[in-house]
Amino acid sequence: MDERTPVLIGAGQFTYRGDPASSPSPTALLKIAAERAAQDAGLAPEKLSEIDTLAVVGFTIDAPGGGRLVPHSTNPPATLAKRIGADPKYAVYSHMGGNSPQQLVNIVSERIAKGETELALVVGCEFLGSATKRLTKGLGFADWDDAEELPEPERIGDPRPGVTPYEAKHGLGRPINCYPLFENALRARDGRSIPDHQARLGELFAPFTKVAAQNPEAWFRIERSAQELVEVSDRNRMVGFPYTKYLNAIMDVDQSAGVLVASLKTARELGVPEDKLVYLHGCADASDLWYPLDRQNFHSSPAMRLTGKRALEMAGVSLADIGHIDLYSCFPVAVEVGAEELGLALDDPRGLTVTGGLPYMGGPGNNYAMHSIAVMMQRLRDDRGSYGLVTANGWFLTKQSTGVYSTTPPKGPFDRQDPKIIQAQIDALPHPTVIEEPKGAATIETYTVVHGREGYMMGIVVGRDSEGRRFVANTPTDEATLAGLEAKEAVGRTGTVSRSEDGSRNIFVPD
Ligand SMILES: CC(=O)SCCNC(=O)CCNC(=O)[C@H](O)C(C)(C)COP(=O)(O)OP(=O)(O)OC[C@H]1O[C@@H](n2cnc3c(N)ncnc32)[C@H](O)[C@@H]1OP(=O)(O)O
């Protein structure tokens with residue numbers, strides 16, 4: 001076999017459940033995952049000093065506008081490299097997006113195949129669990145010694161924000177507000193009643209909780225029934241209609257995961273046991289029409305379809321050959337759309353997650369898919385010769401990265417297709433015109449109702465004006481309007497849109 005074949009040799013995960021006052025710093029979390037990945041490959045932790053490539057998944061807290069409330073290094077790859085005694089010639093820090101782990105594995109694999117990298121560490125972490133508690137309880141961060149001021153890291157990935165200022169002003173910038181727009185559109189497209197659709201969401205995610213309950217690294221190791229997931233209760237409030245809290249990715253966790261990727265030559269020189277090797281057979285990366293209002297509709301993802309198709313094609317296998325699947329699962333609609341685009345039934349007997357998914361396993365911001373890859377590697381080692389599919393999603397069903405893995409060595413050389421090829425097909429798709437200041441009669445294309453801890457907050461409507469142009473608006477915030485939007489299907493309802501009194505936003509009033 002070609003000695004430049006990229007191969008994943010070790011994976012490490014870590015979940016911190018201790019006292020927030022002594023929680024590990026971001027660099028410490030990364031280092032633990034890296035050391036566990038080395039151990040998994042049968043290597044001493046000191047061997048990490050030999051990496052020539054380091055790719056760190058962007059911290060959620062470094063999202064644009066995140067500020068620096070939580071002290072941490074201004075250059076996470078450089079700080080981690082120092083801690084593990086490495087001097088990588090290629091060190092990068094990714095932009096925001098849950099697609100990043102799979103995308104980084106795809107990119108470093110291509111570098112390995114081209115002879116640019118011999119041994120790479122790809123690693124990320126989430127630390128909002130303890131960080132938020134430290135901030136709210138005034139515990140400080142004095143024991144975190146990684147808040148270094150260093151030159152900015154080299155960034156990798158697509159730097160564009162997930163929403164336009166127009167969309168952000170109306171609340172689309174938060175995933176808990178934006179994903180429900182897709183869910184409600186999907187329900188309306190299928191003509192399903194609200195109660196039937198809620199039941200479907202519960203049935204979709206109950207098996208995820210079962211997998212999480214068996215996963216030692218899962219944040220919530222609790223199996224829940226379909227009904228419990230969707231029933232509004234004191235412990236399970238509505239967040240963004242139709243999603244109760246249990247259907248949302250959990251935000252506040254402390255977790256890290258990383259993988260070591262090597263050329264086959266280096267893996268052999270390091271003495272990595274053959275039964276540890278997991279090959280990346282296929283991969284693809286693409287973005288959908290970027291901003292939510294530019295999408296063709298709110299119930300599809302051409303990027304998921306085309307990256308899935310391409311990754312399978314590159315691997316030379318079909319969906320029927322795949323034994324293990326992990327679809328990105330920040331919210332149910334990511335799984336529903338992902339399954340539909342790939343041609344999978346929601347009750348596929350193979351299951352749609354190997355980890356338990358973002359609402360139960362955790363890893364909410366950008367690093368979840370690293371956990372999928374880590375668990376997938378072990379699944380494939382335990383089921384030798386089988387294939388595994390991992391999908392990873394960033395922003396609002398925006399950026400997609402896909403990987404197909406197996407312990408079976410690939411037949412041909414690793415040849416990643418230029419992502420621009422799929423991207424050109426997606427960018428050429430027709431889509432509606434967007435209008436920023438609509439006026440007059442309009443129709444709801446999709447919507448959500450946003451709840452805070454104390455109850456109703458606001459409605460968000462994506463609508464079409466009388467000329468078919470798409471806009472976003474908020475609704476009046478009175479309970480009757482908001483409860484009405486939840487009581488019966490509001491997609492297709494008519495109303496009137498105008499500018500708010502202060503001129504800052506659009507307001508849609510249903511008829
Ligand atoms: C591409 C992408 O990946 S997009 C996804 C990116 N990720 C996100 O956007 C994360 C979205 N999630 C969130 O913002 C938050 O987790 C929310 C809003 C859903 C809930 O958070 P909060 O407002 O803090 O919830 P609330 O105050 O009502 O309840 C907190 C309690 O619920 C628990 N909880 C929060 N989410 C869940 C969940 N999914 N399952 C079970 N329990 C949960 C918390 O651990 C906490 O428990 P405690 O009281 O025992 O400490």
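The values are calculated or read from the model by the stated rules, or taken from the named source; none is laboratory data. Computed from a prediction, not measured in an experiment: that's the story for all the values here. Cβ: placed from backbone, ideal geometry, glycine included. Neighbour counts: every protein chain shown. Ligands, DNA and RNA are excluded from the accessible area calculation, which covers all protein heavy atoms including side chains. Shrake-Rupley method; radii C 1.70, N 1.55, O 1.52, S 1.80 Å.
With respect to being open to solvent by less than 20 Å² (accessible area, probe 1.4 Å), assigned by the TED database to the domain that holds Ser301 and farther than 19 Å from Thr446 by Cα, Leu229 falls outside the description.
Residue count for region 332-356 under the criterion of being surrounded by 24 or more Cβ atoms within 10 Å (Cβ to Cβ), within 17 Å of Gly403 (Cα to Cα) and of a type outside the set (A, V, I, L, M): the result is 3.
The test for being modelled with pLDDT of 95 or more, within 18 Å of the chain's Cα centre (by Cα) and outside any loop (DSSP other than H, G, I, E, B) does not hold for Ala320.
Apart from one condition, Glu149 fits all of (1) open to solvent by 40 Å² or more (accessible area, probe 1.4 Å); (2) touching a Phe, Trp or Tyr at 6+ places or on another chain (Cβ under 9 Å); (3) not in a helix (DSSP H, G or I); the exception is (2). Taking the criterion of being open to solvent by 20 Å² or more (accessible area, probe 1.4 Å), touching a residue at least 40 places away in the same chain (Cβ under 8 Å), more than 24 Å from Gly124 (Cα to Cα) and among the acidic types (Asp, Glu), would at least one residue in region 267-278 satisfy it? The answer is yes, given that some residue of region 267-278 is open to solvent by 20 Å² or more (accessible area, probe 1.4 Å), touching a residue at least 40 places away in the same chain (Cβ under 8 Å), more than 24 Å from Gly124 (Cα to Cα) and among the acidic types (Asp, Glu). Looking only at region 47-63, residues that are at pLDDT below 95 and among the hydroxyl-bearing types (Ser, Thr, Tyr) come to 1 in all. Of the helices (runs of 4 or more DSSP H) lying entirely inside region 1-116, those containing at least 3 residues that are open to solvent by 30 Å² or more (accessible area, probe 1.4 Å) and without any contact (Cβ under 8 Å) to a residue 60 or more places away in the chain span 26-40. Restricting attention to region 160-219 and to residues that are within 13 Å of the ligand (Cβ to nearest atom) and open to solvent by 40 Å² or more (accessible area, probe 1.4 Å), the residue that is nearest to the chain's Cα centre (by Cα) turns out to be Pro175. Within region 244-257, restricting attention to residues that are near the ligand (Cβ under 8 Å from one of its atoms) and more than 17 Å from Gly98 (Cα to Cα), the residue that is most open to solvent (accessible area, probe 1.4 Å) is Lys245. Scanning region 453-486 for residues that are open to solvent by less than 50 Å² (accessible area, probe 1.4 Å) and part of a loop (DSSP other than H, G, I, E, B), we see that the one that is farthest from Ala188 (Cα to Cα) is Pro476. Per the conditions (1) over 27 Å from the mean Cα position of the chain (by Cα); (2) surrounded by fewer than 16 Cβ atoms within 10 Å (Cβ to Cβ), the sole criterion not satisfied by Ala424 is (1).
Would you please list the contacts, defined by Cβ atoms under 9 Å and residues six or more apart or on different chains, that run from a residue in region 225-249 that is modelled with pLDDT under 95 to a residue that is in a loop (DSSP other than H, G, I, E, B) and more than 7 Å from the ligand (Cβ to nearest atom)? So the pair list comes out empty.
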